[in-house]
Amino acid sequence: MDELRVGLGFDVHSRDADRALWLGGVRFDGVPGLAGHSDGDAVCHAVADALLGAAAQGDIGEHFPETDPAIAGIAGVELLRRTVSILAAAGHAPVACDLTVLCDAPPIAPQRDAMREQLADALGVSVESVSVKATRPEGLGLSGDGVGCLAVATVR
């Protein structure tokens, strides 16, 4: 299948001071983590939803429901690998993704390359096919209360 398809994903999680913060498969120290049934990695979740949307394969909640004890605490990058398997079974493969993290803290730039590497590895694409950007909500929401991510993915 040579058709290119595009999907959009969005995820947001509130803070949980008792957890480590994982974004794009990378641990960020010194700031509270995110609540969730999994590790709360809003970046990986948004990318997974974008991939599933591009392949018309439902959404993350359908494939990985919060009621499933087998995925409790699952790492976001592992969830992404499983998403890529779902796509493969439907005859699709990731081509690229572009994402924007929305948060006041932590700063994303120091870990951007590590995030790109983790995401590229999980998706089975080159690092050059993964773009990671960030913006602060400028007091319009998520100001210290959580992290959001908007992702666009292309699949073939």
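The values are calculated or read from the model by the stated rules, or taken from the named source; none is laboratory data. From a predicted model like this one, the values you see are computed outputs, not experimental measurements. Because the Cβ atoms are built from the backbone with ideal geometry, glycine has one as well, and the counts that use them run over all protein chains shown. These area figures cover heavy atoms from the full protein model, side chains too; ligands, DNA and RNA do not enter into them. Shrake-Rupley method; radii C 1.70, N 1.55, O 1.52, S 1.80 Å.
Numbers at a glance
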item	result
Residue among Ala35, Ala70, Ala96 that alone is of a type in the set (Gly, Ala, Ser) and closer than 21 Å to Ala120 by Cα	Ala96
Complete set of residues in the range 35-60 that are among the aliphatic types (A, V, I, L, M), under 19 Å from Ile74 (Cβ atoms) and more than 13 Å from the chain's Cα centre (by Cα)	Ala35
Residue match in the range 10-33 (condition: at pLDDT 95 or above, in a helix (DSSP H, G or I), open to solvent by less than 20 Å² (accessible area, probe 1.4 Å) and within 24 Å of Asp145 (Cβ to Cβ))	no
Failed condition for Ala96, given (1) free of Cβ contacts under 8 Å to residues at least 40 places away in the same chain; (2) over 14 Å from Phe28 (Cβ atoms)	(1)
